[in-house]
């Protein structure tokens with residue numbers, strides 16, 4: 001356990017502090033080492049002014065009425081940094097010994113601190129150009145990977161091509177492969193500007209030449225409380241079409257990337273866990289079956305991890321203490337994508353693992369909460385992180401179809417080349433780290449060129 | 001009435017709404033014809049249909065039925081304000 005230890009002044013301590021000396025000379029002023037307390041020798045003692053109460057007998061720590069502070073050597077105290085044993089017995093013994101020493105004023109916690117995490121509604125941090133740089137898009141493009149002729153299905157609220165063009169994007173578009181549920185009045189590529197258009201824009205960061213396929217599942221006219229919701233059966237229909245598309249491709253050129261920035265916010269929408277009809281925890285649910293089936297046929301499927309992170313969850317989240325990465329978002333055959341900002345800090349709303357179907361979720365992180373499509377003030381949520389990662393996958397598929405590099409192999413390579421964030425190796429905040437196109441391109445250069453498309 | 005998904009194991013020749021109605025003794029208005037009989041794992045000969053909840057309970061023990069499953073709402077992980 002990291003601690004701050006406050007020592008009383010002594011002439012030697014004061015002189016050492018003025019000289020900017022670190023702990024070795026300071027430690028020599030104590031009677032003897034405190035067993036269990038390990039002082040950080042790199043930490044130069046910090047003089048702490050001593051509060052003086054305005055009135056005799058009053059507490060100097062109430063700060064009202066106003067107190068004065070003394071930096072006089074005979075009154076000041078000094079903070080040093082150290083550690084106590086983590087085991088409760090050792091910790092108690094060290095604390096007892098330390099607080100019994102006359103030269104020790106107190107031992108205080110030194111908790112880890114971090115910059116404030118990005119939360120829903122916060123302004124954008126950085127731009128899509130920054131994200132392109134962080135992803136290593138030039139390295140991918142230099143290796144001939146920009147998504148040319150790779151179909152990327154956007155399972156969302158529909159795409160508005162005119163908006164993408166107004167923002168400088170010029171993606172290929174497959175009307176033939178696009179689809180919308182019955183009752184949707186608008187046509188593929190001409191849906192209202194919204195969430196799906198943001199996702200399509202963000203795919204273009206790494207894969208500007210990918211061929212977009214518009215599956216406007218969340219425009220379903222089936223009952224829902226908001227303008228961008230549908231039922232899972234709509235997604236089953238969309239995936240059935242994708243299964244037909246990928247199965248119809250020549251095996252040697254098979255590639256299809258599927259980007260999904262949606263899921264459940266409320267477990268009450270599902271049968272309870274343990275019920276045979278449950279979706280969130282049940283690999284036998286038809287949607288979880290068709291996801292596995294589509295991946296086995298050669299598709300790369302990416303799902304947003306969700307926006308129910310512990311620090312500042314989306315207001316719609318109703319998971320409480322339960323694991324929010326559930327259903328297909330936690331499927332072992334998909335890449336579950338968490339969100340980090342352009343400073344590589346986890347956004348506070350990004351859902352944390354473990355996942356329900358596969359505990360090792362999220363798989364990795366991608367950038368979000370930047371200014372990009374201008375559909376919203378920020379391309380935010382794990383909704384943006386997912387298509388950012390999908391764009392990288394699509395870029396790779398231009399050169400390496402599923403016959404060369406299976407979806408599982410590509411997921412493993414993405415994990416291996418990710419820039420590790422958070423704890424060493426995998427953790428439930430960032431997965432294996434943030435997707436790194438530069439490292440990915442370098443690793444792919446080692447794949448036998450004759451195996452390429 | 002709420003509809004649920006029913007997973008069926010079928011011979012591909014049986015994978016049509018009229019065939020399924022006959023096999024399971026379902027009335028036409030108990031099945032969503034727009035949804036149809038959707039292949040979810042061709043290799044396993046698994047299909048799913050969308051059926052009224054009460055009808056699903058009635059056919060749950062039929063030999064072709066692999067399970068009855070929920071059809072929960074889904075939503076985009078986008079900004080709250082849009083909703």
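Please report, in whole Å³, the volume per residue of the convex hull around the C-alpha atoms of segment A:128-451.
Working: hull volume 37.2 nm³, N = 324.
Output value, Cα hull per residue: 115 Å³.
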Rough spin-label spacing in nm, given labels placed 7 Å along Cα→Cβ, for residue A:149 and residue A:251: 2.0
Principal axis box of segment A:312-453, alpha-carbon based, largest edge first, Å: 50, 35, 26
Based on the alpha carbon coordinates of segment A:317-395, what radius of gyration and maximum Cα-Cα distance (Dmax) apply, in Å? 12.7, 37
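With the cut-off at 17 Å, report for segment A:246-322 the share of all Cα pairs above it, as a whole percent. Write out the running numbers ahead of the final one.
Working: 1714 of 2926 pairs.
So the pairs more than 17 Å apart make up 59 percent of the total in segment A:246-322.
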In what order do A:108, B:77 fall by count of nearby beta-carbon atoms within 10 Å, going from fewest to most? A:108, B:77
Per-residue Cβ contact counts at 10 Å, fewest first, order A:432, A:179 as A:179, A:432
Starting from a Cα-only point model with no solvent, please compute log10 I(q)/I(0) by Debye for segment A:146-305 at q = 0.19 1/Å. -1.22
Test of understanding: what is the full-extension gain from residue A:117 to residue A:142, defined as 0.36 nm times their sequence separation minus their Cα-Cα distance? 5.6 nm
Provide the three semi-axes, in whole Å and in decreasing order, of the ellipsoid equivalent to segment A:90-173 as defined by the square roots of 5 times the Cα gyration tensor eigenvalues. 56, 17, 13
Could you tell me the calculated FRET efficiency between residue B:16 and residue A:58, based on Cβ-Cβ distance and R0 = 56 angstrom, to the nearest 0.05? 0.05
State log₁₀ I(q)/I(0) for segment A:131-230 at q = 0.11, 0.13, 0.16, 0.18 Å⁻¹ as given by the Debye formula over alpha-carbon point scatterers of equal weight, solvent excluded. -0.34, -0.46, -0.65, -0.79
Calculate the mean, over all residues of peptide B:40-50, of how many other protein chain Cβ atoms lie within 10 angstrom of the residue's Cβ. 5
When A:7, B:69 are ordered from fewest to most other Cβ atoms inside 10 Å of their Cβ, what list results? A:7, B:69
Using only alpha carbon pairs under 8 Å that are at least six residues apart, calculate the relative contact order of chain A and give it in whole percent. 16
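Kindly provide the helix-only [θ] at 222 nm of the protein assembly as shown, computed as the sum of -39,500 (n - 2.57) over DSSP H runs of four or more divided by all residues, to the nearest 500 deg cm²/dmol? All intermediate terms of the calculation are to be shown ahead of the outcome.
On the way: 14 runs with 133 residues, N = 536.
Helix-only estimate at 222 nm: -7000 deg cm²/dmol.
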Working only with C-alpha atoms, what are the Rg and Dmax values of segment B:13-70, expressed in angstrom? 10.5, 30
In the calculated pair distance distribution of segment A:243-398, what percentage of Cα-Cα distances lie above 21 Å? 45
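Can you work out the FRET efficiency for the pair residue A:87 and residue A:43, with r the C-beta to C-beta distance and R0 = 25 Å, to the nearest 0.05?
With R0 = 25 Å, the Cβ-Cβ based efficiency is 0.60.
Rule-based calculations on the coordinates, nothing more; no lab input. Here the structure is a predicted model, which is why all the values come from computation and not from measurement. Neighbour counts are summed over all protein chains in view; Cβ atoms, including those assigned to glycine, are modelled from backbone coordinates with ideal geometry.
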